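Q: Below are the structure tokens for one structure; questions will follow.
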């Protein structure tokens with residue numbers, strides 16, 4: 001969401017790499033419908049860049065990648081999401097009540 005590598009790096013330094021400042025300026029609602037991530041085995045790392053205490057999608061869909069599934073599962077559970085099924089190599093997650 002930045003226009004240059006330098007701007008991206010300075011934002012990363014201010015907020016620890018989380019998306020909070022950048023998405024706030026883009027007027028993205030904190031409670032939005034679907035976050036679908038398909039990052040060719042890097043879904044866990046993408047999730048680490050999203051502050052799930054601020055941004056609460058009603059559905060997160062991630063791609064399964066066996067070497068990192070346990071880390072991703074633990075991270076989402078720690079952030080109050082529930083693994084709600086399985087669909088062709090994708091894992092849907094919904095907020096835990």
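The values are calculated or read from the model by the stated rules, or taken from the named source; none is laboratory data. Remember, it's a predicted structure, so these values are computed and weren't measured experimentally. Don't worry about glycine lacking a Cβ; one is built from the backbone with ideal geometry, like all the others, and counts go over all protein chains shown.
Q: Does residue 68 qualify as being in a helix (DSSP H, G or I), farther than 13 Å from residue 95 by Cβ, modelled with pLDDT of 95 or more and more than 11 Å from the chain's Cα centre (by Cα)? Spell out the reasoning first.
A: Numbers: in a helix (DSSP H, G or I): yes; farther than 13 Å from residue 95 by Cβ: yes; modelled with pLDDT of 95 or more: yes; more than 11 Å from the chain's Cα centre (by Cα): yes.
Considered against the rule, which asks whether it is in a helix (DSSP H, G or I), farther than 13 Å from residue 95 by Cβ, modelled with pLDDT of 95 or more and more than 11 Å from the chain's Cα centre (by Cα), residue 68 comes out as yes.
Q: Every residue in segment 34-56 that is in a loop (DSSP other than H, G, I, E, B) and closer than 16 Å to residue 80 by Cα, please. Break it down into steps so the answer makes sense when it comes.
A: Residues of segment 34-56 that are in a loop (DSSP other than H, G, I, E, B), as a first pass: 38-42, 49-56.
Matches in segment 34-56: 50, 51, 52, 53, 54, 55, 56.
Q: Please pick out the residue among 94, 62, 23 that is modelled with pLDDT under 95 and either surrounded by 15 or more Cβ atoms within 10 Å (Cβ to Cβ) or assigned to a strand (DSSP E or B) (or both). Show your work before the answer.
A: Numbers: 94 fails: modelled with pLDDT under 95; 62 fails: modelled with pLDDT under 95.
Answer to the selection: 23.
Q: Related question: Could you list, in sequence order, the residues of segment 72-91 that are surrounded by fewer than 15 Cβ atoms within 10 Å (Cβ to Cβ) and modelled with pLDDT of 95 or more?
A: Of segment 72-91, the ones surrounded by fewer than 15 Cβ atoms within 10 Å (Cβ to Cβ) are 74, 77-78, 80, 82, 84-89.
Answer for segment 72-91, where residues must be surrounded by fewer than 15 Cβ atoms within 10 Å (Cβ to Cβ) and modelled with pLDDT of 95 or more: 74, 77, 78, 80, 82.
Q: Return the pairs, sorted by first residue and then second, in which the second residue is assigned to a helix (DSSP H, G or I) and surrounded by 17 or more Cβ atoms within 10 Å (Cβ to Cβ), the first residue lies in segment 46-70 and is on the phi > 0 side of the Ramachandran plot and without any contact (Cβ under 8 Å) to a residue 40 or more places away in the chain, the beta carbons are less than 6 Å apart, and the residues are 6+ apart or on different chains.
A: Partner pairs satisfying both residue conditions: none exist.
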